[in-house]
Amino acid sequence: MSIGTSLRRFEDERLLRGEGRFVEALPVDGCLEAVLVRSPFAHGRIRRLDVTAARKAAGVATVLTGADLLAAGVRPMKCRRPIDSSDGTPFREPARHVLAVETVRFAGEALAVVVAATREAALDAAELVEVDIDELPVEVDGRQSRERAFTWEHGDRAAVATAVAGARFVTRLAALNNRIAIAPIEPRSAVASYEPASGRFNLTTQSQGVHLIRAAMADVLGIDPAMLRVQTFDVGGSFGLKLIAHPEQAVLLAAARAVGGPVRWVSTRSEAFLSDNYARDHASEALLALDREGHILALAASTIGNLGAYASSSSPACLSVHFARTFGSVYRVPVHHVRATGVYTNTTPTDVMRGAGKPEATALVERLIDRAAREHGFDRIDLRRRNLIRPGDMPRKTLSGHSIDGGDFPAMLEKAIARSDWQGCAARRAESHARGRLRGIGLALYMHVTSHQIHEECRVGLDPDGAISAAMGAQAIGQGHETTFAQLIGDEMTVPAAQVRVVQGDTAALPPVGAATGGSGSLQATGLTLLRAARVLKDRLRQHAAELLEAAADDLQLVDGGFRIVGTDRSISLVQLATRLPEREREDCAGTAEYKGDPASCPNGAYVAEVEVDPATGEVVIARFTGADDVGRRLNPMIVEGQLHGAIAQGIGQALSERVVYDGQSGQLLTGSFMDYAMPLATDFPLFDLVHADVPSTGNELGMKGAGECGSIGAPPAIMNAIADAIGHDRIEMPATPERVWRAIREGFKLEVEARKG
């Protein structure tokens, strides 16, 4: 059995040898290069867009504008997860053309595409495009926007008002969840081609699932999805950015049709900052009502989400249903209410990123609980203890109505507290003070509700050489699918994991429908579907083996990679079976299975952060980071640990340094490079000390809950609560940069003086 074993990742050897297949470096004969001309203004009407000179430039094959694409039948992109207002008002969505038509709504929106023999020629020609835009008023702050997409509500507003009226304590909090760049190591890119004779398109691009990209692109082009083949090879990180379709992919397909050959586009990092979807960007107000003993009576939040210039694929859902999905987290909350308002601004659109709404909700609730403890004299840990959902409360549903598939939240909390040596912080605090430093400790609990409403179809087959092939819609984006799915199928088929071929990323080679990777739900949906397909395959192979061994199928047992007649030494290996089967029977050597439904599971955990602050500079150093995570059964513990570490690192980056900033007057991006946008470095992290608090899921036979997003949900509030403990108050927003912390310390001095005067 390899499940539960930390096998080294099979894919790492070829990636480390430089043998990865990335779009930018794919050899494509006769491939032309595309460069996009982007708007220098954040908002305006296009008066003139003259591409005449660019079309005549040396090496140019074509230059296309939004008007050209409209004439060619290219449609605007649609939001895939629109949310209507709770009062019945339909979702409002401005038309998003893949190349701007008449109006630009953010700086960096694409106006035209230049296709030339070389990238240098395309860049030179792009300089010749003449653009005249009448500027219009700009808004970049969602709180100030009057352009609403929807207002959505969930819960019982009247019940919350009644509970608040009878509460002994009511705590309120206003907080921002900063807009952050997703910034995977590999920028977006694509190669598109067109076959005039057949009318077929091909698109090679990064994705988290080729079926989703094909459906979106077929809709934009107005073609039958069967006429488009989408391929994804290796992906250099995604975190949600490559889950969705993007305008540039449609532009490239249209350009390939116009020139009758392959066209490649590769984003630069500067271009990525302008055009890649961002994430988060919420402004929220929340309240918590408690009785005299500190039991939660009600929880409510009102949040405004900055969708950017357009409603991207899933952004409305991130703000609303995803936010509400973990609102309240691991606590017993009798009544609640959430109000989410999506607004448009003249900024790059936002969309999903690791966690997608759950980090925003969790940060709000965990900071609110700490404030309530501080305001009303409760111990931070005790306040949480008395409100946790307990094993005896199960089965229980989340506030959004999802079943919690098991867990022991009190035990998880105690493990984290014990491992962190919470009591010993007092001595460490005194030692820090002796060196002129401030020290604080913070706690945050989290719960995730993983992917839902997934449609997956998988095929597991016996190849002619005896290898097992496993085809699925889910796509590896760096988290080790080639290893973990091979472990799962290898165990089921009793062969070494290395004997399993994972097939992904090609609509021509996969079943006709398939899921995408996202939401920490791959194992619960795709893994389970693969397992079912493997069992169908076993039954079919058992019949073939029985014929070759001249035995009854019921007398055969699959062990050690072959079928053996029970009680004898007569057997046939899968390799032998594959080579001895007649050609006509090879098609029967595959099993398929389909999954439709909700594989929701609830990974959860508790994180304790300990920080040291330099009061002279505001610099924050994370001295210790401890956690307990319940991710259910761990298929490959090493890969799980890596996923947890990566998500924690991203969460710390949001808490301490990352923030997208626009100029409020012009709408110009001020954080357009890594010189201005502060990504965290390895030196910013301590060694993470994580312990298992796993309770196998009862929602799927694998017992797995998902792990990929846990750290990005739980780490930010733990860090912010630790900083608040260090400086003596919580009037500070993410990211807690040195300047902000320095100013907050001075604000604390003022608060202390005012308190003494009072």
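Out of 626, 698, report the one residue that is in contact with a Lys or Arg (Cβ under 6 Å, 6 or more places away or on another chain) and in contact (Cβ under 8 Å) with a residue 12 or more places away in the chain.
626
For the structure I just gave you, tell me whether residue 487 is more than 22 Å from the chain's Cα centre (by Cα), open to solvent by less than 30 Å² (accessible area, probe 1.4 Å) and under 26 Å from residue 641 (Cβ atoms).
yes
Do we have any residue at all in region 605-613 that's surrounded by fewer than 20 Cβ atoms within 10 Å (Cβ to Cβ) and within 21 Å of the chain's Cα centre (by Cα)?
No; the residues of region 605-613 include none that is surrounded by fewer than 20 Cβ atoms within 10 Å (Cβ to Cβ) and within 21 Å of the chain's Cα centre (by Cα).
Go through region 462-481 and give me each residue that's farther than 21 Å from residue 8 by Cβ and either touching a Cys at 6+ places or on another chain (Cβ under 8 Å) or charged (D, E, K, R) (or both).
Scanning region 462-481 gives 462, 463, 465, 471, 472, 473.
Yes/no per residue for (1) more than 18 Å from residue 133 (Cα to Cα); (2) over 32 Å from the mean Cα position of the chain (by Cα); (3) not in a loop (DSSP other than H, G, I, E, B):
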| position | (1), (2), (3) |
| --- | --- |
| 8 | yes, no, no |
| 24 | yes, no, yes |
| 28 | yes, no, no |
| 99 | no, no, no |
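Quick one: how many residues across region 71-88 are of a type outside the set (Gly, Ala, Ser), more than 15 Å from residue 344 (Cβ to Cβ) and open to solvent by 60 Å² or more (accessible area, probe 1.4 Å)?
Going through region 71-88 one residue at a time, the tally reaches 6.
Among the strands (runs of 3 or more DSSP E) lying completely within region 102-206, list those that include at least 3 residues that are open to solvent by 20 Å² or more (accessible area, probe 1.4 Å) and farther than 30 Å from residue 477 by Cβ.
130-135, 148-155, 169-177
Can you spot a residue in region 37-60 that is within 11 Å of residue 125 (Cα to Cα), open to solvent by less than 40 Å² (accessible area, probe 1.4 Å), assigned to a helix (DSSP H, G or I) and aliphatic (A, V, I, L, M)?
Scanning region 37-60 turns up at least one residue that is within 11 Å of residue 125 (Cα to Cα), open to solvent by less than 40 Å² (accessible area, probe 1.4 Å), assigned to a helix (DSSP H, G or I) and aliphatic (A, V, I, L, M).
Any residue in region 514-528 that is over 27 Å from the mean Cα position of the chain (by Cα) and surrounded by 16 or more Cβ atoms within 10 Å (Cβ to Cβ)?
No, region 514-528 contains no residue that is over 27 Å from the mean Cα position of the chain (by Cα) and surrounded by 16 or more Cβ atoms within 10 Å (Cβ to Cβ).
Considering only residues that are open to solvent by 50 Å² or more (accessible area, probe 1.4 Å) and not in a loop (DSSP other than H, G, I, E, B), look in region 394-426 and name the one that is nearest to residue 599 (Cα to Cα).
403
Could you tell me whether residue 218 is surrounded by 15 or more Cβ atoms within 10 Å (Cβ to Cβ) and either of a type in the set (Asp, Glu) or without any contact (Cβ under 8 Å) to a residue 24 or more places away in the chain (or both)?
yes
Would you say residue 248 is farther than 25 Å from residue 358 by Cβ and crowded, with 20+ Cβ neighbours inside 10 Å?
yes
Which numbered condition trips up residue 367, out of (1) part of a helix (DSSP H, G or I); (2) without any contact (Cβ under 8 Å) to a residue 60 or more places away in the chain?
That leaves (2) as the condition not met.
What do you reckon, is residue 638 within 30 Å of residue 601 (Cβ to Cβ) and surrounded by fewer than 22 Cβ atoms within 10 Å (Cβ to Cβ)?
yes
Looking only at region 7-36, which residues are loosely packed, with under 13 Cβ neighbours inside 10 Å and closer than 30 Å to residue 480 by Cβ?
Correct list: 8, 12, 13, 16, 17, 18, 19, 25, 27.
Go through region 432-460 and report how many residues are small (Gly, Ala, Ser), at pLDDT 95 or above and either assigned to a strand (DSSP E or B) or within 30 Å of residue 385 (Cα to Cα) (or both).
Residues in region 432-460 being small (Gly, Ala, Ser), at pLDDT 95 or above and either assigned to a strand (DSSP E or B) or within 30 Å of residue 385 (Cα to Cα) (or both): 4 in total.
Scanning region 221-235 for residues that are in a loop (DSSP other than H, G, I, E, B) and either open to solvent by less than 10 Å² (accessible area, probe 1.4 Å) or among the aliphatic types (A, V, I, L, M) (or both), which turns out farthest from residue 350 (Cα to Cα)?
223
Would you check which residues across region 338-352 are open to solvent by less than 10 Å² (accessible area, probe 1.4 Å) and of a type in the set (A, V, I, L, M, F, W, C) and list them?
Those that are open to solvent by less than 10 Å² (accessible area, probe 1.4 Å) and of a type in the set (A, V, I, L, M, F, W, C): 338, 340, 343.
Scanning region 593-632 for residues that are at pLDDT 95 or above and polar (S, T, N, Q), which turns out farthest from residue 411 (Cα to Cα)?
617
I'd like the full set of residues that are within 36 Å of the chain's Cα centre (by Cα) and closer than 14 Å to residue 37 by Cβ, limited to region 132-142.
133 - this is the single residue of region 132-142 that is within 36 Å of the chain's Cα centre (by Cα) and closer than 14 Å to residue 37 by Cβ.
For residue 313, indicate whether it is at pLDDT below 95 and at negative phi.
Judged against the criteria, residue 313 is a match.
Select from region 461-484 the residues that are closer than 17 Å to residue 2 by Cβ and not in a loop (DSSP other than H, G, I, E, B) and write down the one among them that is most open to solvent (accessible area, probe 1.4 Å).
Among those residues, the one meeting the criterion is 482.
Consider region 520-570. How many of its residues are in contact with a Pro (Cβ under 8 Å, 6 or more places away or on another chain) and among the aliphatic types (A, V, I, L, M)?
Total meeting the criteria: 2.
Checking the structure you have, find out if any residue of region 579-588 is open to solvent by less than 20 Å² (accessible area, probe 1.4 Å), within 39 Å of the chain's Cα centre (by Cα) and not small (Gly, Ala, Ser).
Within region 579-588 (the criterion being open to solvent by less than 20 Å² (accessible area, probe 1.4 Å), within 39 Å of the chain's Cα centre (by Cα) and not small (Gly, Ala, Ser)), the answer is no, since none of the residues qualifies.
So, of the residues in region 268-306 that are part of a loop (DSSP other than H, G, I, E, B) and under 13 Å from residue 177 (Cα atoms), which turns out to be most open to solvent (accessible area, probe 1.4 Å)?
281
How many residues does region 144-183 contain that are farther than 20 Å from residue 656 by Cβ and touching a Phe, Trp or Tyr at 6+ places or on another chain (Cβ under 7 Å)?
Residues meeting the conditions: 4.
Under the condition of being charged (D, E, K, R) and surrounded by 17 or more Cβ atoms within 10 Å (Cβ to Cβ), which residue from region 375-393 is nearest to the chain's Cα centre (by Cα)?
Across region 375-393, the extreme among qualifying residues is 384.
The values are calculated or read from the model by the stated rules, or taken from the named source; none is laboratory data. Predicted model, so just to flag it, every value in this text is computed and none were measured. Cβ atoms come from the backbone with ideal geometry, glycine included; neighbour counts cover every protein chain shown. For the accessible areas, the whole protein counts, side chains as well, though only heavy atoms, and no ligand, DNA or RNA atoms are used. Shrake-Rupley method; radii C 1.70, N 1.55, O 1.52, S 1.80 Å.
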